[in-house]
Amino acid sequence: MDFDDFSFQAPPHEPPVATAPPPPVPMGTPPMPLARPVARPPYPTAARAKAGLGVVVAGLGAGAGAILAGPLGGLAGLAAVGTVRNLYRSQGIASSDASEQGDAARSLALGVIGVAIVGFIGYKIWNSRKDN
């Protein structure tokens, strides 16, 4: 059997289909408006500034605790900063606004839980130092 016995023919070449040109744009049509970028204030808002301060203070508390008592001290320092923040926010419990009272009650509850956590971690650190 020889390959000359088979006839392989190329498919017939068809000319490309002509597409219609786009419709003409009428003269005097206003250009499409571009979206304006959202303007941001050049200075940080009060909430962003407080959040940044909170991150710095939390880092300082964790760092001071880690220097003084190692990894558990770092955890205690971080928890102590969060506890102080929650107890500070709970001052609005005497407010006449119901939503502010609810937020203050939540902060007070978290602050009390935080005091217990920091106390427990401090107790564990104290026991580990007393044993050594």
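All of A76, A80, A69, A105 fail the test of being within 22 Å of K124 (Cβ to Cβ), more than 25 Å from the chain's Cα centre (by Cα), modelled with pLDDT of 90 or more and assigned to a helix (DSSP H, G or I), apart from A69. Criterion first (at pLDDT below 80 and under 30 Å from G73 (Cβ atoms)) does R48 satisfy it? It is true that R48 is at pLDDT below 80 and under 30 Å from G73 (Cβ atoms). The set of residues in region 114-124 being among the hydrophobic types (A, V, I, L, M, F, W, C) and either touching a Lys or Arg at 6+ places or on another chain (Cβ under 7 Å) or exposed (fewer than 14 other Cβ atoms within 10 Å of the Cβ) (or both) consists of A116, F120.
The values are calculated or read from the model by the stated rules, or taken from the named source; none is laboratory data. Only a predicted model underlies this, so the values are computations on that prediction, with no experimental measurement involved. Backbone-built Cβ (ideal geometry, glycine too); neighbour counts: all protein chains shown.
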